[in-house]
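The values are calculated or read from the model by the stated rules, or taken from the named source; none is laboratory data. Bear in mind that the values here come from a model prediction, so they are computed numbers and not experimental data. Glycine gets a Cβ as well: all are built from the backbone with ideal geometry, and neighbour counts include every protein chain shown.
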Amino acid sequence: MRQTKPEYIKYDLAIVGGGIVGLATAREMLLRQPRLRLIVLEKEKDIVQHQSGHNSGVIHTGIYYTPGSLKAKACVEGHREAIKFCQEKGIPYELCGKVIVALDESELPRLMDIYNRGLTNGVQGLELIGPERLRELEPYATGIKAIYSPNTGIVDWAKVARAYAEEVMAQGGEIVTDSAVYALTSSNNRTMISVRQSNKVEFELEADNIITCGGLQSDLLANMSGEKSAVQIVPFRGDYYVLRPEKRYMCRSLIYPVPDPRFPFLGVHFTKRMDGEVWAGPNAVLAFAREGYRRRDIKPQDLGRVLGYAGFWKMAGKYWQMGLTEMYRDYLKSAYVKALQRYMPEISGADLLPGPSGVRAQAISADGKLVDDFLIVHGQNVVHVQNAPSPAATSSLVIARMIADEAERTFQVNQKK
């Protein structure tokens with residue numbers, strides 16, 4: 001990787017975005033076409049600086065997702081592929097298991113629906129367990145029934161992404177960081193890519209074809225290419241607390257609630273990490289900047305785009321009560337602790353230290369719907385990954401194949417014209 005101008009000016013394929021999906025896609029394209037002159041452009045000074053580097057590190061199995069959806073297909077297969085890749089590369093991981101806990105009778109129908117979804121999706125090893133077995137697995141957790149998923153695991157996804165990057169470079173691909181794309185201009189089946197670096201150096205590249213994997217910037221990249229985005233990204237910040245080191249024994253694996261099926265967010269939960277930490281959270285509150293990892297991060301242009309989008313207000317009109325609850329918990333630690341105590345009664349505010357934050361790129365359609373599945377669209381000589389939420393990291397090798405398939409269909413069609 002380097003931060004200087006690229007070696008060449010003309011490329012067969014440019015991939016915009018150096019997160020885990022962009023890097024996995026670059027790797028896949030080079031595996032298929034080893035002679036491809038390929039470049040990955042990343043606007044930050046290093047790769048995996050946003051969603052790929054701020055996630056909780058879970059290897060998901062595919063329990064939650066609607067049978068037949070891209071998420072379900074990609075996650076179940078992606079779980080196997082991710083573990084195989086880690087084994088081949090010597091990347092540490094752990095299948096520590098996970099429990100999804102129902103607290104009362106009202107949650108049992110949703111718990112059973114999730115269990116049946118998991119079985120339909122082909123998730124292996126799922127068990128329905130009662131309070132006694134739950135206490136054996138997680139002595140400090142409480143609940144009347146739970147799903148036990150022994151094959152859910154943890155890994156450092158940033159290490160996985162960097163291993164993808166190493167393969168890309170070993171196969172002759174270029175990765176250039178500190179290179180923000182600010183314009184895409186297409187003509188005669190070619191696209192000129194205008195790039196600006198932090199030292200104010202600007203340059204242009206020419207590419208026959210482009211794939212954008214922009215995460216938090218995905219809709220803006222689609223608009224740049226002239227393919228008006230059908231969705232808009234609304235950033236949601238998720239704040240975590242971490243258990244004090246002397247309290248980590250209270251969580252052995254992953255403890256999750258029964259999620260509300262109306263939302264793509266899973267609710268506050270406990271997550272064991274590869275570094276030994278235990279994260280508690282996250283919440284989900286509107287971020288006032290697309291890359292706003294702190295409450296005080298405000299970017300008027302980003303906030304203006306959100307507030308000026310009719311789809312946001314339609315969504316807010318449906319879910320304003322939940323939004324207020326999330327904001328309340330965000331600013332009042334005691335409310336956050338109370339939510340955690342529902343699943344781990346013995347935990348206290350003194351057991352929790354301020355933790356990291358992440359920002360989720362939530363795609364919202366013009367009618368106010370939260371786009372839950374992966375969304376890949378194409379235009380002339382370009383493929384845009386418009387929505388790649390969790391479990392995108394788990395599914396990254398499979399999503400890369402989906403993107404590569406779409407790219408090959410799109411680019412072949414355009415070449416025939």
Among residues belonging to segment 228-261 that are farther than 20 Å from GLN362 by Cβ and part of a loop (DSSP other than H, G, I, E, B), point out the one that is farthest from the chain's Cα centre (by Cα). ARG244
From the set of residues in segment 199-224 that are of a type in the set (A, V, I, L, M, F, W, C) and more than 25 Å from LEU303 (Cα to Cα), which is surrounded by the most Cβ atoms within 10 Å (Cβ to Cβ)? ILE211
Please verify whether SER396 is within 30 Å of THR185 (Cα to Cα), of a type in the set (Ser, Thr, Tyr), in contact with a Gly (Cβ under 9 Å, 6 or more places away or on another chain) and crowded, with 18+ Cβ neighbours inside 10 Å, treating the condition exactly as stated. yes
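Yes/no matrix, rows are residues, columns are (1) without any contact (Cβ under 8 Å) to a residue 24 or more places away in the chain; (2) outside the structural domain of VAL278 (by TED's automatic domain parsing); (3) among the aliphatic types (A, V, I, L, M):
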position: SER357; (1), (2), (3): no, no, no
position: ALA361; (1), (2), (3): no, no, yes
position: ALA388; (1), (2), (3): no, yes, yes
position: PRO391; (1), (2), (3): no, yes, no
position: SER396; (1), (2), (3): no, yes, no
Please work out which residue is modelled with the lowest pLDDT, limiting yourself to segment 375-393 and to residues that are touching a Leu at 6+ places or on another chain (Cβ under 9 Å) and of a type in the set (S, T, N, Q). SER390
May I ask you to verify whether ALA335 is small (Gly, Ala, Ser) and either in contact with a Lys or Arg (Cβ under 9 Å, 6 or more places away or on another chain) or surrounded by fewer than 20 Cβ atoms within 10 Å (Cβ to Cβ) (or both)? yes
Taking only segment 20-51 into account, find how many residues are in a helix (DSSP H, G or I), buried (at least 24 other Cβ atoms within 10 Å of the Cβ) and under 18 Å from the mean Cα position of the chain (by Cα). 7
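Results for (1) outside any helix (DSSP H, G or I); (2) in contact (Cβ under 8 Å) with a residue 40 or more places away in the chain, shown as yes or no for each residue.
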{"position": "PHE85", "(1), (2)": "no, yes"}
{"position": "SER106", "(1), (2)": "no, no"}
{"position": "MET112", "(1), (2)": "no, no"}
{"position": "THR120", "(1), (2)": "no, yes"}
{"position": "THR142", "(1), (2)": "yes, yes"}
{"position": "ASN151", "(1), (2)": "yes, yes"}
{"position": "LYS159", "(1), (2)": "no, yes"}
{"position": "TYR164", "(1), (2)": "no, yes"}
Looking at segment 295-304, is at least one residue of a type outside the set (Phe, Trp, Tyr), modelled with pLDDT under 95 and buried (at least 17 other Cβ atoms within 10 Å of the Cβ)? no
For segment 196-216, which positions are among the aliphatic types (A, V, I, L, M) and under 29 Å from ARG360 (Cα atoms)? ILE210, ILE211, LEU216
Mind checking which residues of segment 127-140 are surrounded by fewer than 22 Cβ atoms within 10 Å (Cβ to Cβ) and either charged (D, E, K, R) or under 29 Å from GLU277 (Cβ atoms) (or both)? GLU127, ILE129, PRO131, GLU132, ARG133, LEU134, ARG135, GLU136, LEU137, PRO139, TYR140
So MET344 passes all but one of these: (1) in contact with a strand residue (DSSP E or B) (Cβ under 8 Å, 6 or more places away or on another chain); (2) in contact (Cβ under 8 Å) with a residue 60 or more places away in the chain; (3) not in a loop (DSSP other than H, G, I, E, B). Which condition number does it fail? (3)
Tell me, which strands (runs of 3 or more DSSP E) lie completely within segment 349-400 with 3 or more residues that are within 14 Å of the chain's Cα centre (by Cα)? 352-365, 382-387
Looking at (1) outside the structural domain of SER395 (by TED's automatic domain parsing); (2) assigned to a helix (DSSP H, G or I); (3) aliphatic (A, V, I, L, M), which is the only condition ALA146 fails? (2)
Working only within segment 200-219, note down all residues that are farther than 19 Å from MET402 by Cα and assigned to a strand (DSSP E or B). GLU202, PHE203, GLU204, LEU205, GLU206, ALA207, ASP208
Do we find that ASP275 is surrounded by fewer than 18 Cβ atoms within 10 Å (Cβ to Cβ), of a type in the set (Asp, Glu) and within 22 Å of the chain's Cα centre (by Cα) in this structure? yes
Being under 21 Å from the mean Cα position of the chain (by Cα), of a type in the set (S, T, N, Q), part of a helix (DSSP H, G or I) and not assigned by TED's automatic domain parsing to the domain that holds ASP239 is the requirement here; does THR66 meet it? no
Working only within segment 338-349, note down all residues that are exposed (fewer than 14 other Cβ atoms within 10 Å of the Cβ) and in contact with a helix residue (DSSP H, G or I) (Cβ under 9 Å, 6 or more places away or on another chain). LYS338, GLU346, SER348, GLY349
Might you check whether a residue that is at pLDDT 95 or above and outside any helix (DSSP H, G or I) occurs anywhere in segment 310-329? no
